[in-house]
Each structure stands twice: as structure tokens, then as C-alpha cells.
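**Student:** Please see the structure below; I have some questions.
The values are calculated or read from the model by the stated rules, or taken from the named source; none is laboratory data. Predicted, not measured: the structure shown is a model, and the values here were computed from it. In this analysis, Cβ positions are derived from the backbone assuming ideal geometry, glycine residues included, and neighbour counts consider all displayed protein chains.
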């Protein structure tokens, strides 16, 4: 299989595309004039939509079809509909079709529609961001955290009951994780997001990497024959203040679509970290208070052009820069066995940080014939750079505050560059009995990182080669997939997919002259079953196998210092983990969803907080150390209860069973977790909305760690003016300051550590958004068979 050229695999099915087609044409008019933008839709006798178009300025239309029996429907707002069944054996001209006016002829109307906040599809849950008042005024990370079943915690994005999730934008994977991913998402305005897709078991079309599923961000696009501009200014107040300015412009006319947005953020946050380490000689009590700069700037540009009725080409560019400089002040109280303070250790430091990324995409989408066969090609390049330069020192004092000595003074800096190039081709090949899709992708990733440690205790910088390193990492991936969807009737459908991935990795430490190579060739199946018993009851089952490859930063073997008694180091010998995910959902009236899931992770890896009791130092490492079974049951209710009250409420009971597979000196422990969240929106009038959000996570144990409770109450109110063009929003986030990570406990090597972190979760926000432009369209728009492809263009 490895030796089969990818191109051959992709083009073989195309030999069946050359089929003779016939022309169907006609002209749509009113009694006195031709009608432009009338919708002409073609469906089979069972009512399945096959093709469609809109009439030209003179009212004419033309569609190419193969021989067969079809239903032709014509519709236009303000006119009666036309429908006719035809047998197409040769070219047909329907001549002139006259539509009669049903009401006063409105040449232009404004269409105001509201989608459901949560929509269930066969392989994903769709969350419409614009319905959430507080999320819509924030960034992409805030919007993701508001999506059902998704939690953002401690720099990790997870779908409840699963491992860390990966993030895509318009179907294109972002090759970042952890803090780097979070900073990238903060640069994207939630106001530019149309919806968020939560894909617990991704189809074969998507990369198999990521045991925690995929979060796909769908960006907005302008509606036909319109232009629109949205400007937002907001101010956040925590201990410090943050100013944010965002502007988005969309233009969509005829064959041309254009979008441009900018996002600037200036200010600071106050971060507090507490860590208690219980050494055999006594407690070390650490408290760090830091002021972190939140300056960032980003821009997005997209351009699409319809070369013909069948072919669209486009280009997208996204730039992001983030400068989170930080002043830290860590005080360590050192106790003896009698619980009396022996001495004080003060760590002070300044961390100069910068990260930036650039994303380029060129794409082509083409309808190959009139029966729905389509092809799309994406060429992507992603570049990410990060730098940090930390100067710090640690001084020891006696209990009466008398200076004793300086036990460490150093400079620790690092640079990382990631380049990712990928080429992807996707084909849709509907057949009479089932719909087939297939394609392939090649990806090349290169990461260069270095870490340098300079001892400055003498007053000058002295390089320590034992704590410095230059690390290179390369990853190449070749993948092909095939996916089939069979709809037996209006009630029952099945989807089956297979994805083959061949991956080669190479990690090389120049300092150690050490090379680590890996090669993976794996098959990843996926399966979906959807059965609608009737209008009120539906069943959905999904299964998928996934792989989770370690992030680049996890593989660098050398250390970076957090303070004089704490450092973090990577592991070049990390291996990927694998998961098998099962998910069953019952839905009632498309409002109440009951969900049961089971996930099996093997060779799992993660962060391990250990301590060296001989030198009283905390060490943060990465290891493959566990196998785990996760399971849970959840109830979700999303509905517009009354005309003035809408709710989205979920409750989950989660559990797991973890076993350690390495020589880690710890004992596994597991308990159940209760997770509850509710989002309630009240319409206090035509122009005023109030939103209350609350979540609660009970204390629980999972494998190596024990985590304390978390809860948060948010209140937001939005007032609209000037026919909804101006919106003022006031938000109080985490009113009681209880949503931060607390009591994060582990016991390794006989040493207990308890950690808490509060990253200014409680704040107030005042924002103003002004929309202007031409938001009017001549006719209602209808989704045709290429809806999914269009999602990826010009949004």
C-alpha cells in the first residue's frame, strides 16, 4: 500500500465521470417582466435534491442532467411556486414559465432568521455562536468554551469524557496545542464565527490525530449581493484593564466574495498560582503573583472568485502576533517537621515572550457534472514562531527577613519555529445506491527549537551546556481515505469510513547527538448509524479509532525553568497513544438528547508532576504512563421554551478506570465526576436580552490526579439600538470567583503536591458593536448539494 502513488488512488474513480448529459432550460417571468434570482431546483422522484440554479437577469436558466425522471421546482419570494415532473430523454426547453404574484411584489426584503442554538447531525453537534450573548463579544477560545460538552481548562480544550481535542478552522487543522493554541484562538473574534462543530468521532475525511475529537470553527461569510461591516470595542476589568478593538468587513457580489478582519488587544491580567509540596523535611509553600501583558494583534483576509458556474478559486491569509510579557514574584515559605518556618526563598523574574503565526490557504472547488460530483483541492502553509527570554534570581532570607544568600541567578531563553505544508484533495461521488467520498492528503512538518541556560550568579553570563540544547523534529504524513453514506429511506442512514495514515517522525538533539525515529502505518475506521423512529424520536450511534501524536514542545528533552526550584523538560522518546471511541445518543423532539459513551485509551501520555526530595525540586516531565477506560452518561436539553425564554442545559455523570503501565512511583485512583452547565436567555423586550450562565464540576479523582470542585456564574445583558445595528453588552464573568483550577493534587515518589491557578477568571466587560452596510437580498437563499464545500470558501 505504501508504494501505490496517491494520485492513482485519487483519479481512478474519475474514469466513470464521462457520461453524456442533456440540457434542461427555460425562462421564468412574471406577467409583465422576467424574474431574476428565481430558484430552480431539481430533485429525483423520491424528493432528494440533485442540483439547482438561479435565473439570470433575463429570467433564463440552463442545467445539465443525465437521462432520467426529475421533479422541477421554481420558487421566488412573493410569487406562487411552480412544480412539474419531467422525463428527460433528450434536450428539453420548458419555454416560458409565468409565476403569479401572491402578495404585494417586494423587490427587496430583509430576512431575519434565527437558527437553533444546538443542532444534531449524524456525525457532529453544531453550536451557533451568535445566540450566546457573552461568547459573541469575546474571542474564539471563549466561544469554544460555551459549546455544549466542551471544557477549556488549564490550557487544554476537551470534549467531556475525552482527551485533549484538536482545533480546525473551516476544516483546516491548526498544528498547535496547549498555551500556543490558546493564544492563537484568542486572536480570533467570536463575532467572525458562524458556528462551532463538536465532532466527538471525526469522519475519515479528517486527520486521525487527536484522541479527544475535533472542534471545527466555521467562519462567517457575507450573504449574496451585500456588504457588511461590524466594529466592536470592549473593555475588560479584572485587577488590571484590557482594551479590545475588532473590525470585520464582508463583501459578496456576483462572482466575487471578499472578507477582511482585524483584532487588537492591549492590557494586562493578574495571575495567581499556589503550590504546596510536602517533602519529608517539611512543607514548601509556594505562591506566585504575576502581571502578564495581553497585547496581541491579528488580521484575516479571504478572497473567492467564481470562475464559472461550476468552479470557484480562493485564497485565505491569517496573521497573529501575541506578546505576553510577564513579571513574576514567587515567595516560598520553607517549613520544618515541626511546622515552623525555617526560611524564606524569594524568586523574582521577568519573562519577555512573543509568539506569531501566519496561515496561507489556496483552494479550488469544482462541480464535475450535474449529478453532484465535486472535487476540491487545498494547498496550505502554516508557520509559527515563539520566543521567550527569562531573567530570574532566587534569594534566601531568614525568618526575620535577613538576607542570607543568592542560591540561583540565571537567564533561560528559547526559540521555536514550526513550518507545516500540506496538500489535500477531496472528491464527492454520489451514486444511485449510496454517496461516496474519498481523497488524500500529504503533510510535511518541521520544528526547530533551542533552549539555552546561562548562569549569571557571578554577574556575567556563563553558558551551561548541560542545560542547553538545540532540537530538530520532522514529521511527514501521507493519508488516503474513503467514506460511504447510504440513506435507505427517510428514517435510516449508515455511514462507513476508512482512513490509512503513514507517518514518519525524526527527532534529533544536536547537543546530545541523539536521534529518535518512529514510523507508523495504521488503519483508522469510523462508523455512523442514524435512525429516526418518527418525528419525535431518533437514535444515533458513532464509532471511531484515533491516534494522538505528542506535541512538538513535549519532545524537546531539555529543561526550562519556572523558578529556582521548579523546571519543565520534554521527552524525545514519547510514543503516540491510541483510542477507540463509542458514542450512543437518543434524541426526543430534537430538543432533549441522552448520551452514553465509552472510550478506551492505550499507551496514554501526559504531564507528570514529580519531585526530587533529595534536592527539594519540582520536576515536570512527560511520559507514556497509563491505559484508561472512560465512560459517562449525559442529558442535554436545548429549546425555546417560550417566546421570551430559551435554555441550553446539560448534566453529565463521568467515570474512568486508569491503570499505570510505566514504573511511575504512584497509585492510581478514580472516582465519579458530576458536571452541570446551564445557559438561559431571557428576552426582556424586543431590544433587550438577559443571559445567565452557570456551571459546576464536582471534585473527582482520575488516574494520577485529584481535582477540586469548580463552579462559575456569569451574567450578561445586551441592549440593541438603531434597528439592531448598535448593540451594547455588559458582562460579569465568574461573579463569585470560583471557576479557577483548585486543589489539583498528585502523589509521586511519596511526595504530595497540591496546585491551584487563577488566571483572572473574574472580570467585567463592557462592549459596543456597530453594524452597517447593505444587508438586503432579493430572494431567500437555498442550500444546494455543495453546502459543505461552500462552508469552506469565503467565510
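**Student:** Can residue 548 be described as assigned by TED's automatic domain parsing to the domain that holds residue 449, under 30 Å from residue 326 (Cβ atoms) and under 24 Å from the mean Cα position of the chain (by Cα)?
**Tutor:** Yes: the conditions hold for residue 548.
**Student:** I would also like to ask the following. Residue check: is residue 641 free of Cβ contacts under 8 Å to residues at least 60 places away in the same chain and assigned by TED's automatic domain parsing to the domain that holds residue 721?
**Tutor:** yes
**Student:** Does residue 596 qualify as being within 27 Å of the chain's Cα centre (by Cα), surrounded by fewer than 15 Cβ atoms within 10 Å (Cβ to Cβ) and farther than 26 Å from residue 575 by Cα?
**Tutor:** It is true that residue 596 is within 27 Å of the chain's Cα centre (by Cα), surrounded by fewer than 15 Cβ atoms within 10 Å (Cβ to Cβ) and farther than 26 Å from residue 575 by Cα.
**Student:** If a residue counts only when it is surrounded by 18 or more Cβ atoms within 10 Å (Cβ to Cβ) and at pLDDT 80 or above, which strands (runs of 3 or more DSSP E) contained entirely in segment 101-184 have at least 2 such residues?
**Tutor:** 125-128, 150-153, 156-159, 166-169
**Student:** Among the residues that make up segment 651-669, is at least one of them over 20 Å from residue 629 (Cβ atoms), out of contact with any helix residue (DSSP H, G or I) (no Cβ under 8 Å at 6 or more places or on another chain) and surrounded by 14 or more Cβ atoms within 10 Å (Cβ to Cβ)?
**Tutor:** yes
**Student:** Cβ-Cβ distance below 6 Å, separation of 6 or more or different chains: which pairs start in segment 460-474 with a residue that is in the same structural domain as residue 415 (by TED's automatic domain parsing) and end on one that is assigned to a helix (DSSP H, G or I) and surrounded by 13 or more Cβ atoms within 10 Å (Cβ to Cβ)?
**Tutor:** 473/552; 473/555
**Student:** Right, another one. Out of all the residues in segment 422-432, is one or more in a loop (DSSP other than H, G, I, E, B), out of contact with any strand residue (DSSP E or B) (no Cβ under 8 Å at 6 or more places or on another chain), surrounded by fewer than 21 Cβ atoms within 10 Å (Cβ to Cβ) and without any contact (Cβ under 8 Å) to a residue 60 or more places away in the chain?
**Tutor:** Yes, that holds for at least one residue.
**Student:** While we're on this one: Of (1) under 25 Å from the mean Cα position of the chain (by Cα); (2) loosely packed, with under 14 Cβ neighbours inside 10 Å, residue 479 satisfies all except one. Which?
**Tutor:** Failed condition: (2).
**Student:** Restricted to segment 722-737, and to residues that are surrounded by 17 or more Cβ atoms within 10 Å (Cβ to Cβ) and free of Cβ contacts under 8 Å to residues at least 60 places away in the same chain, which residue is nearest to residue 678 (Cα to Cα)?
**Tutor:** Checked segment 722-737; the qualifying residue nearest to residue 678 (Cα to Cα) is 734.
**Student:** Output yes when any residue across segment 358-367 is part of a loop (DSSP other than H, G, I, E, B), at pLDDT 90 or above and surrounded by fewer than 15 Cβ atoms within 10 Å (Cβ to Cβ), and no when none is.
**Tutor:** No, segment 358-367 has no match at all.
**Student:** May I ask you to list pairs of residues, at least six apart or on different chains, whose Cβ atoms are under 9 Å apart, with the first in segment 32-60 being without any contact (Cβ under 8 Å) to a residue 12 or more places away in the chain and the second being surrounded by fewer than 16 Cβ atoms within 10 Å (Cβ to Cβ) and assigned to a loop (DSSP other than H, G, I, E, B)?
**Tutor:** Close Cβ pairs (under 9 Å, with a partner that is surrounded by fewer than 16 Cβ atoms within 10 Å (Cβ to Cβ) and assigned to a loop (DSSP other than H, G, I, E, B)) amount to 46/489; 46/490.
**Student:** Kindly establish whether residue 414 is more than 28 Å from residue 366 (Cα to Cα) and not in a strand (DSSP E or B).
**Tutor:** Taking the combined requirement at face value, the residue does not satisfy it.
**Student:** Looking at (1) more than 25 Å from the chain's Cα centre (by Cα); (2) farther than 16 Å from residue 570 by Cα, which is the only condition residue 524 fails?
**Tutor:** (1)
**Student:** Then there is this: List the strands (runs of 3 or more DSSP E) inside segment 247-325, counting only whole elements, that have at least 2 residues being under 30 Å from the mean Cα position of the chain (by Cα) and surrounded by 21 or more Cβ atoms within 10 Å (Cβ to Cβ).
**Tutor:** 256-279, 295-306, 311-323
**Student:** Counting only residues that are buried (at least 20 other Cβ atoms within 10 Å of the Cβ) and at pLDDT 90 or above, how many does segment 368-379 have?
**Tutor:** So the answer is 3.
**Student:** Taking only pairs six or more apart or across chains, which ones have beta-carbon atoms under 8 Å, a first residue in segment 755-766 that is free of Cβ contacts under 8 Å to residues at least 12 places away in the same chain and in the same structural domain as residue 743 (by TED's automatic domain parsing), and a second residue that is in a loop (DSSP other than H, G, I, E, B) and buried (at least 17 other Cβ atoms within 10 Å of the Cβ)?
**Tutor:** Hits for this filter: zero, empty list.
**Student:** Could you tell me how many of the residues in segment 670-688 are touching a strand residue (DSSP E or B) at 6+ places or on another chain (Cβ under 7 Å) and either surrounded by fewer than 17 Cβ atoms within 10 Å (Cβ to Cβ) or more than 25 Å from residue 601 (Cβ to Cβ) (or both)?
**Tutor:** 13
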